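Encoded as structure tokens, the structure appears first; notes follow it.
A short reminder: the numbers here are calculations on the coordinates, not readings from a lab. Predicted, not measured: the structure shown is a model, and the values here were computed from it. Virtual Cβ from ideal backbone geometry, glycine too; neighbours counted across all protein chains shown.
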Amino acid sequence: MSIEVRNVHKQFGDFTALHNVSLQFPDGELTALLGPSGCGKTTLLRIIAGLAQADSGQILLDGQDASRQHVRERQVGFVFQHYVLFKHMTVFDNIAFGLRVKPRSERPSKSEIHERVMRLLSLVQLDWLADQYPSSLSGGQRQRIALARALAVEPRVLLLDEPFGALDAKVRKELRRWLRRLHDELHVTSIFVTHDQEEALEVADQIVVMNKGRVEQLGTPDDVYNRPASPFVYGFLGNVNLFHGRVRQGVLDTGGFEWQAPDHALVEDAPGTAYVRPHDLDVARYEPGAKGIVARLLHAHAIGPLAQLELARADNDDIIEVIIPSEQYAQLAPREGEDLLVTPRRVDVFLETAG
Ligand code: ATP
């Protein structure tokens with residue numbers, strides 16, 4: 001089922017949690033809602049689910065306005081960070097619960113329920129836990145059972161709010177790969193909330209980056225990482241070096257390198273910032289007169305195929321982070337304290353005052 005959020009606005013008193021948000025979630029895709037704490041991710045998820053009402057705007061499910069529909073009618077399944085399984089019920093009964101409480105006319109037969117629960121248990125690869133109680137499960141197993149329980153009623157949409165947020169890093173990593181595989185099998189339109197950029201980049205078909213109740217960018221992981229639409233997205237999705245400068249005769253001059261400014265913003269003297277990811281910077285031996293930024297090597301270490309270098313700009317002591325192949329680092333063999341020449345391979349420029 002496709003989901004469309006159209007001009008959704010939400011206020012809590014004077015505080016605006018969502019500013020006229022509009023988004024499309026294509027049928028069968030897994031979308032990550034990514035952003036810092038308090039940016040409105042959970043609020044948006046709750047409005048899509050029907051657990052909260054927007055002040056204005058609409059939620060369309062398969063093109064039909066569902067804004068006034070009750071949670072049940074929307075047929076959504078949820079998994080929350082602290083999903084509470086019923087403690088007094090076995091794993092089997094927890095998963096069967098949603099089916100057993102259906103109105104008589106929609107309720108599957110006993111044998112159908114048995115078959116469906118067992119199928120879900122094998123899907124989440126926990127068949128052997130059917131007769132256990134939640135207290136004997138690990139955190140990761142509980143979340144997988146919570147997911148099986150949400151899937152039991154065959155929801156048209158699956159909403160996951162930081163489903164692995166409470167688990168330790170290793171389990172979290174395993175579970176997100178597992179979620180991806182599960183999604184590839186089921187193709188249920190799914191939205192999951194996370195503030196972990198690595199998780200979003202690894203798992204999602206598309207990512208919505210949110211900030212202060214607004215959508216900063218909607219795109220594939222490749223789009224948001226490699227073609228960020230704003231300085232915020234740049235900074236949120238990975239490490240980035242900032243080089244401040246001014247437009248001089250159509251180029252942004254950062255005092256070490258120059259870069260073509262975007263055409264629409266060729267205002268002489270406008271301040272701007274060049275954003276360069278560590279792996280988009282190159283380093284070489286310093287030679288007087290060569291173009292680039294002169295910086296002193298503070299620290300370097302190579303781990304596997306990549307070497308990470310930390311340098312301080314000679315003119316203002318700003319820290320620069322560079323990542324190069326370990327092989328190149330070994331050839332260059334720089335000494336700590338040595339001056340090196342830093343040049344960008346790829347730059348994005350954001351100007352503070354456009355045209
Ligand atoms: P987190 O990752 O911390 O859960 P989030 O991006 O999911 O953050 P929301 O939970 O959607 O953010 O909250 C957005 C903002 O709205 C927050 O500043 C929060 O304090 C505020 N807020 C949320 N619910 C309410 C409420 N019922 N009453 C008042 N303010 C609220």
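Some points to look at:
- Likely footprinting exposure, His183, His299, His244, fewest C-beta neighbours within 10 Å first: His299, His244, His183
- Nonlocal amide H pairs with Gln75, under 5 Å, H built at 1.01 Å: none
- Asp55-Thr220 FRET efficiency (beta carbon distance; Förster radius 22 Å; 0.05 resolution): 0.10
- Computed from the Kirkwood radius of its Cα pairs, the Stokes-Einstein diffusion coefficient for the stretch 276-334 at 37 °C and 0.692 mPa s stands at 279 µm²/s.
- Of the residues Asn94, Gly219, Leu30, the one whose Cα sits farthest towards the positive end of the charge dipole of the chain is Asn94 (charges of +1 on Lys and Arg Cβ, -1 on Asp and Glu Cβ, taken about the Cα centre).
- Computed across the stretch 17-169, the Kirkwood radius stands at 16.9 Å (inverse of mean 1/r, all Cα pairs).
- Of every Cα-Cα pair in the chain, the percent that sits beyond 28 Å: 56
- Projecting the Cα atoms of Gln132, Ile145, Ser105 onto the dipole axis of the chain, where Lys and Arg carry +1 and Asp and Glu carry -1 at the beta carbon, places Ser105 farthest toward the positive end.
- Here the dipole of the chain is about 1740 debye; that uses its Cα centre as origin and unit charges on the Cβ of Lys and Arg (positive) and Asp and Glu (negative).
- Helical runs assigned H by DSSP (4 residues or longer) give the chain a calculated mean residue ellipticity at 222 nm of -7500 deg cm²/dmol, each run adding -39500 (n - 2.57) before division by the residue total.
- In loop segments of the stretch 271-355 as defined by DSSP, the trypsin sites (Lys or Arg not before Pro) with at most 16 further C-beta atoms inside 10 Å of their C-beta are Lys291, Arg335, Arg345, Arg346.
- Gaussian network model of the chain, Cα within-10 Å springs - most flexible of Asp205, Asp184, Asp317: Asp317
- For the stretch 11-129, the relative contact order is 13 percent, taking Cα pairs closer than 8 Å that sit 6 or more residues apart in sequence and dividing their mean separation by the residue count.
- Charge dipole (debye, nearest 20) of the stretch 184-267; +1 at Cβ of Lys and Arg, -1 at Cβ of Asp and Glu: 680
- Interatomic Cα distance distribution for the stretch 199-251, bins of 5 angstrom, percent: 4, 19, 25, 20, 13, 10, 6, 3, 1
- Scattering curve values for the stretch 213-317, log₁₀ I(q)/I(0), Debye with Cα scatterers, q = 0.11, 0.22 Å⁻¹: -0.44, -1.29
- When the chain is described by a simple charge dipole with +1 on each Lys and Arg Cβ and -1 on each Asp and Glu Cβ, the residue from Ala17, His82, Gly250 located farthest towards its positive end is His82.
- Amide H contacts of Gln217: Val209, each under 5 Å away and 5 or more positions distant or on a separate chain (H built 1.01 Å from N in the peptide plane; Pro and chain starts excluded).
- Note on the stretch 128-182: the C-alpha convex hull projects to 4.4 nm² when averaged across all orientations.
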